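**Student:** Structure in structure tokens, see below.
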Amino acid sequence: MEAAKLLEILHLAEKLKDTTRHCYTSGGRHESVAEHSWRITLMAYWVSDEFPEADLLKILKMCLIHDLGEIFTGDIPVSRKTAADEAREEALLLEWTDSLPSPYREEMRALYDEMIARQTLEARIYKAMDSLEAVIQHNESDVSTWEPHEFELNRHYAEDRVAFSPYLTELRRLIRAETEDRIREFEAREKQTT
């Protein structure tokens, strides 16, 4: 890739550092999309020993690029994202991807197609990491920042996305236990203040 094109792409990707998600960090500030992408990439690396048959490099690439479309649309929480929102984000992302030089244009397009279809082991692992990280981050944030529907959502979100793996199913069970603990602590605090 030409250095000037690389610099242009890096400037665009930097926007994800300032694109916030609706979730908060444990320190009380909004999490950025870049931080979310970084942590799901770490998660994929650290669970890779459970999936020795999977192409780790492909999974890491999926994790790194999965939310680049939010450069153009911002983050729309899953509970508010419509089919029209998804289509718009995908169209803008693919239009931008088509402007990239080879071989990145073709590789990224193939990765996005695979991620959308979610038929391969790599795509299922990436999507599980993406979904589980969101619940973990909610558990790490102050429960008072949760939207009312997130109490129930965080109890069950991603169960379907981990069902292919006993290991990830167990991880999801542990995350649910943390969710229940956080909700109980929050409810106990709320009772004390009323």
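**Student:** Working carefully through the options Lys17, Lys5, Lys81, Lys61, find the one that is charged (D, E, K, R), over 30 Å from Pro148 (Cα atoms) and exposed (fewer than 14 other Cβ atoms within 10 Å of the Cβ).
**Tutor:** Going through Lys17, Lys5, Lys81, Lys61 in turn, just one is charged (D, E, K, R), over 30 Å from Pro148 (Cα atoms) and exposed (fewer than 14 other Cβ atoms within 10 Å of the Cβ): Lys5.
**Student:** Now for a different question. In the stretch 85-101, what residues are surrounded by 11 or more Cβ atoms within 10 Å (Cβ to Cβ) and of a type in the set (Asp, Glu)?
**Tutor:** Asp85, Glu86, Glu89, Glu90, Asp98
**Student:** Among the residues of the stretch 45-58, which ones are part of a helix (DSSP H, G or I) and either within 19 Å of Leu94 (Cα to Cα) or among the acidic types (Asp, Glu) (or both)?
**Tutor:** Passing the criteria: Asp49, Glu50, Lys58.
**Student:** Hey, another quick one. Scan the stretch 68-86 and tell me whether some residue there is polar (S, T, N, Q), touching a helix residue (DSSP H, G or I) at 6+ places or on another chain (Cβ under 8 Å) and not in a helix (DSSP H, G or I).
**Tutor:** Yes, that holds for at least one residue.
**Student:** Working only within the stretch 127-149, note down all residues that are charged (D, E, K, R) and either surrounded by 21 or more Cβ atoms within 10 Å (Cβ to Cβ) or free of Cβ contacts under 8 Å to residues at least 40 places away in the same chain (or both).
**Tutor:** Within the stretch 127-149, Lys127, Asp130, Glu133 qualify.
**Student:** Give the residues of the stretch 20-56 that are surrounded by fewer than 13 Cβ atoms within 10 Å (Cβ to Cβ) and free of Cβ contacts under 8 Å to residues at least 24 places away in the same chain, sorted by residue number.
**Tutor:** Residues satisfying the conditions are Gly27, Arg29, Trp46, Asp49, Pro52.
**Student:** Shifting gears a bit: Scan the stretch 115-124 and tell me whether some residue there is outside any helix (DSSP H, G or I), over 22 Å from Glu53 (Cα atoms) and not polar (S, T, N, Q).
**Tutor:** no
**Student:** Of the residues that sit in the stretch 152-194 and are hydroxyl-bearing (Ser, Thr, Tyr) and outside any helix (DSSP H, G or I), which one is modelled with the highest pLDDT?
**Tutor:** Once the filter is applied, the top-ranked residue is Ser165.
**Student:** Quick check on Tyr167: is it under 30 Å from Ala4 (Cα atoms) and in contact (Cβ under 8 Å) with a residue 40 or more places away in the chain?
**Tutor:** Considered against the rule, which asks whether it is under 30 Å from Ala4 (Cα atoms) and in contact (Cβ under 8 Å) with a residue 40 or more places away in the chain, Tyr167 comes out as no.
**Student:** So is Glu89 closer than 22 Å to Ala128 by Cβ, part of a helix (DSSP H, G or I) and free of Cβ contacts under 8 Å to residues at least 40 places away in the same chain or not?
**Tutor:** Taking the combined requirement at face value, the residue satisfies it.
**Student:** A follow-up question, please. Taking the condition assigned to a helix (DSSP H, G or I) and modelled with pLDDT under 95, does Ser144 pass?
**Tutor:** When the stated conditions are applied, Ser144 passes them.
**Student:** Pairs needed: first member in the stretch 115-126, of a type in the set (Lys, Arg); second member anywhere, outside any helix (DSSP H, G or I); C-beta distance under 9 Å; at least 6 residues apart or different chains.
**Tutor:** Arg124/Arg118; Arg124/Phe164; Arg124/Ser165
The values are calculated or read from the model by the stated rules, or taken from the named source; none is laboratory data. Remember, it's a predicted structure, so these values are computed and weren't measured experimentally. Quick reminder, even Gly has a Cβ in these numbers, built from the backbone with ideal geometry, and neighbours come from all protein chains shown.
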